[in-house]
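The values are calculated or read from the model by the stated rules, or taken from the named source; none is laboratory data. Remember, it's a predicted structure, so these values are computed and weren't measured experimentally. Cβ: placed from backbone, ideal geometry, glycine included. Neighbour counts: every protein chain shown.
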Amino acid sequence: MTREDSTTTSEERLRRLRERLGGIAYGGDYNPEQWPREVWDEDVRLMKDAGVNLVTLAVFSWGRLETADGEYNFGWLDDIMDLLHANGIGVDLATPDAVPPAWLIAQYPDILPVLADGSTFGFGSRQHFDVSHPVYQAKSRAIAEKMGERYAGHPALCMWHINNEYGPVSYGPHADLAFREWLQAKYSSLEALNSAWSTDVWGQVYSAWAQVNAPAQPRTWSNPSRRLDYHRFTSDSMLAHYRTQRDILRRFTPGLPIVTNFMRFYKNNDYWAWAAEEDAAALDIYPDPREQDAHVAAALNFDLMRSLRKGQPWLVMEQATAAVSQWSVNVSKLPGKMRLGSYQAIAQGADSILFFQWRQASGGTERFHSGMVNHAGPNTRVFREVCELGRELKGLSGVAGTRSAAKVAIVFDWDCWWALELGNSPRSDLSYPQEVLRLYRPFFDANIPVDFVHAGSDLSGYSLVVLPASYLLTDQAAQRIEDFVSGGGRLVASYLSGIVDQDNTIRLGGYPGALRNVLGAWSEELHPLAGDGEEVKLSTADGGTASADYWTEHLHTTGADVLATYASGRLAGAPAVTRNTFGAGTAVYLSSRVDGTFLEQLLATERDAAGIRPELNAPRGVQVRRRTGNGSSFLLVLNHNDAPSGVDVGAGGTDLLTGTDVTGTVELAANGVLVIEEATSAATAAGTGR
Ligand code: GAL
């Protein structure tokens, strides 16, 4: 790959990566330093059998690459890069700064992160750094420089991978200092900080900046605005580290993609802010095979990844072939499930299938985590499935780079997540991701494509917007929601939305302060239901009944129609679910956690009214997604059921996995997948994907 000028865009970098790999990236983390040299030859031979075209090197190799302060040893990495290149396998090269080596920690023990209670993590695991420590920062910059310089011209190098699953939060003295600087930049004056944090409550007023520090373990409950800012700060400070490493590597290789790997439902980092700094969103995904519906939560995470960079193809950076080793019971994926999960990611916009890891380790912490090649060697079911998938993916080069479009947007926002789960609220046991999942699921089940957006997004491209417990809404976010509805959009908001402002301060005058106007309704009091399992009855405007649990509110309407009324409990007779006409649009409010059937019907009514249709009418458990682009359209059909399902694929087209034409009703085996290159009509609409 030739050197590019610094104006090369992410799109262009990814296009070249696809071209170079011949379509979808296939492979995984490779840790050759854990194996004797003779195993490397077998590795590359087996990689070729499996169709591997990309491996990630050096993720945890700092101690092998810099053996003492300033003493670098790149010889082994040169050798493996050369060997991989000679065998046509590309390299995603990692900066190894997720694991500061033992010698560095011995020299600077205060690099280790400090917990909120003042104790310090020990050496012996990974991610053991306080990202604000100046020596950690300098040493990680130095090794990135060395690697950039040394490998920029290496023909195996295809992309960069920075750190690994950024996340450690520290409350130590370096974090204190950095937090103070971050606050000074944000608030300018102590008066502004005191006001934003409501420090007159419980007498917490600060009179000098030196008094302000990280929110270490308090004697009892602590200030929620300060803790919210600490969440923002820790995400920002880790992102600043990522950005520094990225900019170093960018200077050497402006044409190569640079990413770090994200995690499923990961709370510490605001992935909207992060994704904007990456060339692609990249996800590590480990659904628990014991969970019947693990694929639904996976789907949510996949749609989130697709949305983080506005529909741009994303990367599966890690998944397991079979079992993981992180839970108390680590069940292996059943035959066919690894393939199904891989196609699910592709159906939802992924352009890579990468695993952790190539060869299952024989020692160390994760020795029971499966690999593409397991302890027993290549003569296994798992390796046969790995080779079969690698072979199939070679036929899908046309799918890589294509996109999907959605008319439904669901708000997923880290500020909402942080603020909502800080506690000291009427109910402190709400899980934000579970709340989003509850409102996502009916769309998944109905095969309606969904984008995620952050709370302040421009919503003008959507017909239906859903706010699940969107607790913190800034003035700008509230305004955008109003503009969306008044301009003809349909909104569905659930309880605990729009309660606080950007400082985590309650919006006064009736809940939900940010949405009262658009909802045509307001609550005078919040009434969470006591205890698990307590339910209330609802009577619906069409004469039916429903139920609700968890949460209720004393709601009043100021123009909204009542769709359901509380029929039991202390709020009997009061409105429970409302719909308001606002400008050219409508806004529904759910003041309670309504039962699944009612929710499904309500969302179906809203999306029908918005003119949104499923990709295909398929039976429950059959997922259908469409990817379009470059004049082609691909319909991916996946049977998540454990039994065969009949699916009417309409005009259909050619199934790229079998090379046969499919049309009308098709019997899809359990775990079965179709990747249909559609015949002309859909293809002419292709290229319209955002
Ligand atoms: C990921 C991590 C990998 C590996 C994998 C399996 O979170 O990035 O290094 O540990 O999990 O547990």
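Below, the figures for the structure above:
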{"read-out": "Among the residues listed as Leu46, Leu57, Leu84, the single one being hydrophobic (A, V, I, L, M, F, W, C), in the same structural domain as His128 (by TED's automatic domain parsing) and under 23 Å from Arg246 (Cα atoms)", "value": "Leu57"}
{"read-out": "Inter-residue pairs, beta-carbon under 7 Å, first of a type outside the set (S, T, N, Q) and in segment 560-581, second assigned to a loop (DSSP other than H, G, I, E, B) and surrounded by fewer than 24 Cβ atoms within 10 Å (Cβ to Cβ), 6+ apart", "value": "Ala560/Gly520; Val562/Ala541; Leu563/Ala541; Ala564/Ala541; Tyr566/Ala572; Tyr566/Gly573; Tyr566/Ala574"}
{"read-out": "Cβ-Cβ under 8 Å pairs, at least 6 apart or on other chains, segment 23-41 side within 16 Å of the ligand (Cβ to nearest atom) and of a type in the set (Phe, Trp, Tyr), far side in a loop (DSSP other than H, G, I, E, B) and at pLDDT 95 or above", "value": "Tyr30/Gln357; Tyr30/Trp358"}
{"read-out": "Of the criteria (1) without any contact (Cβ under 8 Å) to a residue 60 or more places away in the chain; (2) away from the ligand (no atom under 11 Å from the Cβ); (3) within 30 Å of His231 (Cα to Cα), which one Pro289 fails", "value": "(3)"}
{"read-out": "Helices (runs of 4 or more DSSP H) lying entirely in segment 411-530 (those with 3 or more residues that are of a type in the set (Gly, Ala, Ser))", "value": "475-486"}
{"read-out": "Residue match in segment 240-253 (condition: within 22 Å of Thr505 (Cβ to Cβ) and either of a type outside the set (D, E, K, R) or assigned to a helix (DSSP H, G or I) (or both))", "value": "no"}
{"read-out": "Number of positions in segment 163-195 that are of a type in the set (Gly, Ala, Ser), under 15 Å from Phe233 (Cα atoms) and more than 16 Å from the ligand (Cβ to nearest atom)", "value": "5"}
{"read-out": "Top-ranked residue in segment 322-366 [being among the aromatic types (Phe, Trp, Tyr) and within 14 Å of the ligand (Cβ to nearest atom); ranked as nearest to Val675 (Cα to Cα)]", "value": "Phe355"}
{"read-out": "Residue within segment 554-563 that is touching a Phe, Trp or Tyr at 6+ places or on another chain (Cβ under 6 Å), crowded, with 20+ Cβ neighbours inside 10 Å and not in a strand (DSSP E or B) present", "value": "no"}
{"read-out": "Segment 10-53: number of residues that are in contact with a helix residue (DSSP H, G or I) (Cβ under 6 Å, 6 or more places away or on another chain), within 30 Å of Gly363 (Cα to Cα) and not in a helix (DSSP H, G or I)", "value": "3"}
{"read-out": "Strands (runs of 3 or more DSSP E) wholly inside segment 586-671 containing at least 3 residues that are hydrophobic (A, V, I, L, M, F, W, C)", "value": "632-639"}
{"read-out": "Positions within segment 353-388 being surrounded by 13 or more Cβ atoms within 10 Å (Cβ to Cβ), outside any loop (DSSP other than H, G, I, E, B) and more than 18 Å from the chain's Cα centre (by Cα), in sequence order", "value": "Arg359, Val373, Asn374, Arg381, Val382, Phe383, Arg384, Glu385, Val386, Cys387, Glu388"}
{"read-out": "Segment 648-673, residues that are of a type in the set (A, V, I, L, M, F, W, C), touching a helix residue (DSSP H, G or I) at 6+ places or on another chain (Cβ under 8 Å) and surrounded by 15 or more Cβ atoms within 10 Å (Cβ to Cβ)", "value": "Leu657, Val673"}
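The rows are residues; the columns are (1) aromatic (Phe, Trp, Tyr); (2) closer than 27 Å to Trp414 by Cα.
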site: Tyr471; (1), (2): yes, yes
site: Ala478; (1), (2): no, yes
site: Gly489; (1), (2): no, yes
site: Ser497; (1), (2): no, yes
site: Asp501; (1), (2): no, yes
site: Pro528; (1), (2): no, yes
site: Lys537; (1), (2): no, no
site: Gly559; (1), (2): no, no
site: Arg570; (1), (2): no, no
